[in-house]
Structures are given as C-alpha cells and as structure tokens.
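The values are calculated or read from the model by the stated rules, or taken from the named source; none is laboratory data. Bear in mind the structure is a predicted one, so any value in this text is a computation, not a measurement. Cβ sites come from the backbone with ideal geometry, for glycine too, and all protein chains shown count toward neighbours. Keep in mind that these areas ignore ligands, DNA and RNA; they rest on the heavy atoms of the full protein, side chains included. Shrake-Rupley method; radii C 1.70, N 1.55, O 1.52, S 1.80 Å.
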Amino acid sequence: MLFLEGDKEWSNLPQWASYLLHMGYSWPAGNVRRIALISMPCDSAAAGLIVLGALIRDLGDPKANNIEGHYDALLRYARQYVQYCRNCQMRCIPEVAGCGYTTEATGLIRHRPAGTKSRKGRKKFFRISERTIDENRLVLTSPEQGNLTWWPDLNSAYDFQVDGEPFPENRLIDGVLSADPYKQLMGDAPIVPENLRRPFSGLCMAGRTMGDAATRHICADIRFGISDRNLGLDELLTIRGWTRSNPIYRVAFFNSRTEEFDRYVQSPDLVVADGDSAFISATSHKAFQRTSVIGVIHRTLERDRLESVGNKIQSLRQWYMDDNEIMDLIREPPLGIRITALRKGT
Amino acid sequence: MTTVTASELFQYLESHQNIEIDRREILSFSFGTIRRNIRRIVVSLYDSDDEEALRLARELRAMLSEWLTVPAPFDKVIEESLVSTMGPPEAVQARWGKDILECYELCRNAAQKIQSEESPVRAQLRIVLMDIRARRQRFKIYCHRRSIDHFQTILAEEHQELLPAEIFLNTLKGYRETGPLDVLIKMGPLRVRGWGSVPDALVSSPRFSKLIQVVWAGCNDDADFGYDPAANAGMAGSDDAADVGMPKQNIYSQMNIKTAVTRYGNDPGAFNLTDNDLDDLRIFSTLEQTAEYRPATLVHVEDLHGIFYPPHSRVISFDCDPASQSPVMLRMPGDSLIEGMYVIVPVVDDVDLGGIHARHGHFSEVWKGRLKEHYSAAPDKLIARLRAAGLNLVNLSAAIKHWCSPPSTVIHAPQQVKHFEILINVLEVNHDVEVGTAHHMQPFWQIAWNEVRRSRGEAIQAGFQEQEIVEEQLLHVLSQLVPELRERASRSAGFNLAIPPQHGIRGTFNFLRIEEIETGFRVPNAYLRIIHDIRTVDQWRV
C-alpha cells in the first residue's frame, strides 16, 4: 500500500498516519463515555485518518449498523436516566449537579408500532425500568397498561424512541462498498459482509467551523495506492455528498458551524472532531452527551484557542478521570503527537 | 511560499530530536537607567485616577515596551520620544511634581549619553547574523511587522546590505507555512500575549534545531509558554513557576528542548545591585487588570487602522474566495475570520445620530479647515487657548497635526467627546455654521461628533437587540450583492458600497481588508468595535 500527501511523492504509509489509523481502529466500543484530545504539530488530515480507522473497526463489528446502533443509543439513554437523572434534585442544572451531561433524560419512551403513522391516538408511552442496569438490557414498563414490562430486542427497538425525538429511518439501501481497500489498510482486517451494504450512524465526524469543504479538502489531500487503485481519504470515509458513486454512508457528518447533521443521527457511539471549535462543540452538544469524543487539534493555533480547548478539558475533569485503559490500548505516539484521554467517572 | 506537509514535519522532528534554545541576555547600565525611571513614572501615574495621568502612563509604557522587544538603535529618537511625550521639564514639574521630574531628568540624561553607544542588542544580533551567514544555515527572524526596519539596518550599517524580506516571519500563518530551518531568531522574551509575543508553536511545534533569543536582561519568558492542552492536561496560564526566563522542561519532555543562558553586557554588576532588570513587561501587564478592561483581539485592516473585538465576537464579514459557500456571514476573529477576508463596517443612518445625514466627512471639512487656519496662523496661541479651555493633552501640537489630516477610513479627531467639544468651541465654528431644521436644532459640535463616531463604526451599536435586528437585515441585503462584492474586491483592496435604496436602510457598507489579526490586548469597553488609528492601539497591548 502506498501513501501520498498533497503534491509530494508516493511513499510507504508513514508512521504518523499509520498510528492514527490504528488509534481509530483500536478505539474501544462500549458504554463508558471517553474523551480524548490529540494535538498535532501542524494542520493535517489526522481526524480523517482516525475516522477511517474507526470505520474499518465498525465494518468488522456485526452490531455496527443502524438497527443495532439505535438499540445501543436507547440503552445509553436508559442508563443515564436510571443512574443520574431519576433521583437528581436539580431540574435540570447539569453544571450544578456535576453529572457531566448536558440535558436531562426524562425516562419517557414513545412507542410507535411498525407500519403505523405517528397519530396522537396511536402512540403509547413507556417508562424506563431500573432493572435496565441489573439486566444490562433495555427494560421498559407501561403505566398505561398496568405496569406491563417490555424487553425490546434489536429489531423491535426501532419502534421505540426517546420522547421528543423523531423516529429514525429504517430503509434498505441498494449498493455495496468494496471490502478490499479497507481490509488492506489495516492489514487484512476482518469485515462483516452485511455491513458493506448497511448504513451506520454510530460513527460521526464533526467538521471544521470553516465548513464541510474545509474538512473534505484536507482529507482529499491524502491518497492511498491500494491494489492499483488510487483512493482519496475523502472517498474512503463514505460521508454523504463526498463520494459520487457510493450510497452506503458509514460515517455521519456533523457541521460544527450550523450544528446540524447530514442525516438523522441519534447519539453516535464515537465522534471525531476536526479542530478546536469542533471539539468544543462536540463535547457540549446534547446530541453527543453520551458519545465518546476524540478531538484533533494542531498546536499552531492562537493562544486563546489553545486555552479554550484546555479550559474545556479542565472543566471536564470535574466528572472525568484519566483514562489509563485507553492509553494502554493505543501505542506510544510518534514524536510530535500528544494525547490526553479521560473517561467518565462512575 | 510552500506549505510544509505533515509527513515532512514528522520526518524533520524524527531526525531533530534535540532542540536548543540559545538565550543571550543583554545588560546595559544606561539603558537600564532609562528602564528603571520610566517604570517608576508609569507605576506612579497608574496610581492616579486622573485620565490624563493614565493616558501618559500608557504612552510611556508602550514606548518602553517597544524598546524592550525590538532592536531599536540607540539614537536621538529615544530622547526625542521622551520629550515629545512628557513635554519640557518645567511643564513636567508643574503638572506632575518633583519626583516625576527627577525620574524624567535621569531618563533624559541617560538617553543623551546612550547616543554615543551602540545598542548591545543590535551588536549581538549582528554577531548572530554574521555567524549564521558564515555557516550557510537556513534561518528566519520572528518579529513584529513594524520592527522589520530595525532588523534590516543591523547589517546595513556596516555591510550595506539588507536582509531579504522572505526571512521575516510575523504571523502565525507565516510560521505554519514555514518549512524546516536550522535557526530561528527572536528578539525579546517568549511571551504569550502583548509586546514581543510569539506563537506557542515556536516551542510546542518547532521547525528549527536552534532558537537564538536575544533579550534584555530581566525580560523573562512566560512560564507556560509553549502551551499544549493535550500535554498540559488543560492547565493554562499557570504563573506559579519561578521566573527563570526559560520554558519548563517537563512540558516538552518528548521534544527534549534545552535552554542555555549566556549574559552579555557592559555592566554585569547592575543585574544584582540595582532594580534595573526587573521585568518591566510583566509589571506593566499587571497594571491594567481591572474589570473595566476586557481581553480583545485586534483586527488590523488596511489603511493603517484597527478594530478591537472582545472574545467570541461575531463580525459581519466577506470572504472573496470564489470557493466560499457563504461569502457573507458572521465570523469570529482569528477563528473563521482570517487575513485576506473583509470586515464589513455598516455606516447606517439611525435615529441615534440625530437625523441629520451627510456624505462621509462633510462636517469635518468645516472644522478641519478652521483648525488648519488657526494652527498655521498662530500655533502657540491656539495651543494656549485649548489648554486654557481644558484640552490639556501633553503633546497637543502633534495631536492637532493629526486631527488636521483629511478623513480616510475614519475622521481623525480627539478621542473624547469633551475634548472634541472644547476644540470646536475654541475654533468658534458654532457661531457661523447653521445645522438642522427649525424643529431640530443641534449644536455644530454635536453633529460633527456624531459624524466622527459614525466613521468609527459606533452608530451600529445602538442597543443590543436593535443591533441584532439591523445585522440580520444587513446580512440579507449583503447576500444579494455577492457578485458585485466579488467584482469590487478583485479591483481594489478596500471599497465602499451604498446600501441599495429598496431595502429601507440608508447608509454605506465599508469593506476593510484584513491584513493581520493579533491577540493580546486589554481594552476599555468604550474602545471596542470601533475603528482606531493603528498608531494608537499599542497603549492597550498587554
């Protein structure tokens, strides 16, 4: 596999790029919210490379598709409700409560059986049961039906949604991604064939505040030579609108300036923020309050901007602890890359 | 200029794991005397609550801060600057008392004596430059744009040659685009903000194997210079480390940066025996840390003007890049608003201005004409009358000359409304110029002052909610003018555009091209978001 940056010469994959790909690939999926900040010595496509690594990781995970992703998002919401919001005395002052969340989980879940429209009369409401924690799965009760208990599974989870949020789309897409480039990039990484034709919104990239084009442009500067194919990092990321032919979007895009997603996304598992403003936005935005965040900045920023990022990390330390686990999982970074990682305290 | 790629930079860092900071501290007894006495005057004046004392303190502070951070020659300019700022000794004693006079006299004597010496900082820089040349090393000089001339003349004095323009770096953007170097030269301490400040990236992301820092003794580096939020666990601005004048090793453990300090100078004993070498820049930066002053970013626009914005401001702006998807929008200075874009200053006729409107500079022509007349006929008489009326600026003569200059982006006039009123009354413009209608008579000075304010961009600020509504309307208007804006921007750096009449807002858009964006100022609220002459902004530098 060959690597090209800008208008320079093709070369072997450099250590820094390999490291970032592996970092995304090794990033653990899970229920603990983690926040990492990576500083680079210059502006680069580092965020894109981490996303690519995480995308390849997700291609090998049979649960990494929108059906399972929705179930996991509901489960994270349920945990927040039971462990934090249910007994909280503040309504809702997260900064005083010191919970580390930004909006309240009310514990109310809406049910809309498949095939029905969302008319008022057909909706049913459920409450999250505290048994969710003990059983480590989503447990709901229906006060309208004499506290009937429900255990939605992966498929039926699509009929449930957090009250006040729109139900996700669940449509089948024609088209398929090519497994070969992704496999080779990570040295024969396992790929679940079904994932090549399933969209996923559990992985998100938060773009630069200068706009979608700025993030795409710097990603397009990186190219890979894989089996006689010349592929841009921007194409490999499968972000909606970044590739002409591919209809399978495995990475959602969050516009940090307008604070809008490129499609319906509910609480992704991981967001990689490209730049200081994107990092600050991602760590505070309610859509990411249960999402792990990897922020990538470069150190050739103005002091005020560096301090804004530092202040954000500092304020998070009230609720987060040093994440030694993640530091053990990822290798020692090459000279020039610095990392700090935190995980939500329990 | 080529942009260095990440791969190239990583390759360079891998092969240059040891970075050296060669810090050369310079001592000079004469210059130390000037430093000590200016510092005493400034600290003493800052204790006053008199606006004139504070203004003088700020001017002296800016003057000394500049000498400490640029390689200025020891010539008569130092004495002239002192005299033009402070005035004659009799006036100093009469206005400020004996103690200040004593310090002033010591300063002046030292400033006279110094003219027979060569600045040891310049001598040291010459040695550095000659050595680098002899070794044929790749080098650049990081300095403020306005100090380039001082560097240029260092070699010119003996070798009649100028340093090429491309070796000077003065913006973060320039540093970002710089490829690997052997040596980077910096005059003055490594400060985060204000005078002599440089990007943290110089140390946190070095592109050189050696940094040669020539610095007046006592000017310490900021303890947390080279800040990296990913390495420092978010701790910014900690100032508890001893002022050792060098960055802490543990911050850069990965990089292995080592600092070697050497002292040069004609009076090494002064360092311990007197307070010559206390850190003036640090003392000055603590003097105005009050709530009345807010941190601000300076957007330096064309035609030698600048506008201060408080943190997180959103500025109506235009990006002439054809690839821009939203050419006109609200942007944050230093973040999404960058060099090469345009700040749009709407000069909108609003109720706040009394309902009398005229083209830019109309009323100023009247009073400026009268001012020129009086000043050229009898300058001393005019100055005496202004002083008697209460316009008691120390260097009034220079101020009058400045006010006489014709309107450009702004109308040059006194900064304070009370001074402006005195000026117009002394010129007696009120008596022979009628303005307004029978129903709405206003004194001339009021109308002319509104014109000055409007030229500085103040009119738009009438009320926060009103401002938001007007901004929204203006953005709508501007979004319809994009093709015309692009065409105008391709023809000239800055331009004006009348607001088309069908939009129900009267006024003009001033498009000011951004040349540079600088942080590190603390500015009173009243001075934010208005256009300043660039020569006046240094007083707010931290």
- Between A:Leu203, A:Leu177, A:Val192, whose Cα lies farthest towards the positive end of the dipole of the range A:147-279 when Lys and Arg beta carbons carry +1 and Asp and Glu beta carbons carry -1, centred on the Cα centre? A:Leu177
- Query: What list of ³J(HN,Hα) values in whole Hz, one per residue of the range B:295-306 in order, does the Karplus curve 6.51 cos²θ - 1.76 cosθ + 1.60 (θ = phi - 60°) give from phi, with Gly and Pro shown as x?
  - Reply: x, 8, 9, 9, 9, 8, 9, 4, 6, 6, 10, x
- Message: Antiparallel versus total DSSP beta bridges in the range A:251-346: what percent is that, nearest 5?
- Response: 50 percent
- According to a simple spin-label model (label point 7 Å from Cα along Cα-to-Cβ), what is the distance in nm between A:Trp10 and B:His312? 5.0 nm
- Task: Please work out how much length the chain gains when fully extended from A:Ser156 to A:Arg244, using 0.36 nm per residue of separation minus the C-alpha to C-alpha distance, in nm with one decimal.
- Result: 28.3 nm
- Query: For chain A, what proportion of DSSP beta bridges, expressed in % and rounded to the nearest 5, is antiparallel?
  - Reply: 65 percent
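Hey, can you rank A:321-331, A:303-313, B:318-328 by average C-beta count inside 10 Å, highest first? Don't jump to the answer; show the numbers that get you there.
Values: A:321-331: 14.2, A:303-313: 22.0, B:318-328: 16.5.
So the peptides A:321-331, A:303-313, B:318-328, ranked by packing, come out A:303-313, B:318-328, A:321-331.
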- Evaluate the distance, in nm, between pseudo-label points positioned 7 Å from the Cα of B:Ala260 and of B:Lys98 along their respective Cα→Cβ axes. 5.2 nm
- Message: With every protein chain kept in place and ligands, DNA and RNA left out, what is the accessible area per residue of the protein assembly as shown? Probe 1.4 Å, answer in Å².
- Response: 42 Å²
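Suppose a student asked you for the relative contact order of the range A:243-321, using Cα pairs under 8 Å spaced at least 6 residues apart; what percent would you report?
Numbers: 74 pairs, mean separation 18.5, N = 79.
Here the relative contact order equals 23 percent.
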- Message: Pairs of alpha-carbon atoms within less than 8 angstrom and 6+ residues apart define the contacts here; what relative contact order does the range B:1-129 have, in percent?
- Response: 34 percent
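What is the dipole size for the protein assembly as shown, taken about its Cα centre, with +1 at each Lys and Arg Cβ and -1 at each Asp and Glu Cβ, in debye to the nearest 20? Walk me through the numbers before you get to the answer.
Numbers: 102 positive and 115 negative charges, 363 e Å.
Roughly 1740 debye for the protein assembly as shown.
May I ask you to compute the full-extension gain from A:Ile93 to A:Glu260, defined as 0.36 nm times their residue separation minus their alpha-carbon distance, rounded to one decimal in nm?
Details: separation 167, 0.36 × 167 = 60.12 nm, distance 2.42 nm.
Additional length available on full extension: 57.7 nm.
How big is the charge dipole of the range B:126-189 about its Cα centre, in debye rounded to the nearest 20, if each Lys and Arg gets +1 on its Cβ and each Asp and Glu gets -1 on its Cβ?
Working: 11 positive and 8 negative charges, 63 e Å.
The dipole magnitude comes to about 300 debye.
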- Query: In sequence order, what are the phi-derived ³J(HN,Hα) couplings for the range A:230-244 according to the Karplus relation 6.51 cos²θ - 1.76 cosθ + 1.60 with θ = phi - 60°, rounded to whole Hz, with x for glycine and proline?
  - Reply: 10, 10, x, 4, 4, 5, 5, 6, 6, 8, 3, x, 8, 10, 6
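Please find the FRET efficiency linking A:Leu231 to A:Glu135, where r is the Cβ-Cβ separation and R0 is fixed at 41 Å, and quote it to the nearest 0.05. Let's see the in-between values first.
Values: r = 44 Å, r/R0 = 1.08.
For R0 = 41 Å, the calculated efficiency reads 0.40.
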- Partners for B:Lys401 among lysines (Cα-Cα distance below 30 Å; same-chain residues under 8 apart left out): B:Lys76, B:Lys368, B:Lys372, B:Lys381, B:Lys418
- Note on the structure: Ranking B:Asn392, A:Gln289, A:Trp16 by how far each Cα lies towards the positive end of the charge dipole of the protein assembly as shown (+1 on Lys and Arg Cβ, -1 on Asp and Glu Cβ), the top one is A:Gln289
- Item | Percent of beta bridges antiparallel (DSSP, the protein assembly as shown, rounded to nearest 5) | 60 percent
- Query: Residue by residue through the range A:35-49, which ³J(HN,Hα) values in whole Hz follow from phi under the Karplus form 6.51 cos²θ - 1.76 cosθ + 1.60 (θ = phi - 60°), with glycine and proline marked x?
  - Reply: 10, 10, 10, 10, 10, 10, x, 7, 5, 6, 8, 4, 4, x, 5
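Given a Förster distance of 25 Å, report the FRET efficiency between A:Glu194 and A:Thr106 from their Cβ-Cβ distance, rounded to the nearest 0.05.
Between A:Glu194 and A:Thr106 the formula returns 0.10.
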- Under 5 Å, built H, 5+ apart or other chain: amide partners of A:Ala206: A:Phe254, A:Val272, A:Ala273, A:Asp274
- Only Lys, Arg, Asp and Glu count, each charged at its Cβ (+1, +1, -1, -1), so figure out the dipole size of the range B:1-157 about its Cα centre, rounded to 20 debye. 540 debye
- Can you give the extra length, in nm with one decimal, that the chain gains between B:Ala323 and B:Ser84 once fully stretched, where that is 0.36 nm per residue apart less the Cα-Cα distance? 81.1 nm
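Could the peptides B:475-481, A:70-76 be put in order, highest first, of the mean number of other beta-carbon atoms found within 10 Å of their residues? Please list the in-between numbers first.
Working: B:475-481: 15.3, A:70-76: 21.6.
For the peptides B:475-481, A:70-76, the packing ranking is A:70-76, B:475-481.
Hey, with R₀ at 22 Å, roughly what FRET efficiency would B:Arg145 and B:Ile338 work out to, going by the Cβ-Cβ distance, to 0.05? Display every interim value, and only then the final one.
Working: r = 16 Å, r/R0 = 0.74.
Given R0 = 22 Å and the Cβ-Cβ separation, E is 0.85.
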- Query: Can you give the mean number of other chain Cβ atoms that lie within 10 Å of the Cβ atoms in peptide B:322-333?
  - Reply: 2
- Residue among A:Leu140, A:Asn155, A:Ile337 farthest towards the positive dipole end of chain A, charges placed on Cβ: A:Leu140
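Mind ordering A:46-58, B:24-36, A:136-148 by average Cβ neighbours within 10 Å, highest first? All intermediate terms of the calculation are to be shown ahead of the outcome.
Values: A:46-58: 27.0, B:24-36: 22.3, A:136-148: 14.4.
Sorting A:46-58, B:24-36, A:136-148 by mean packing, highest first, produces A:46-58, B:24-36, A:136-148.
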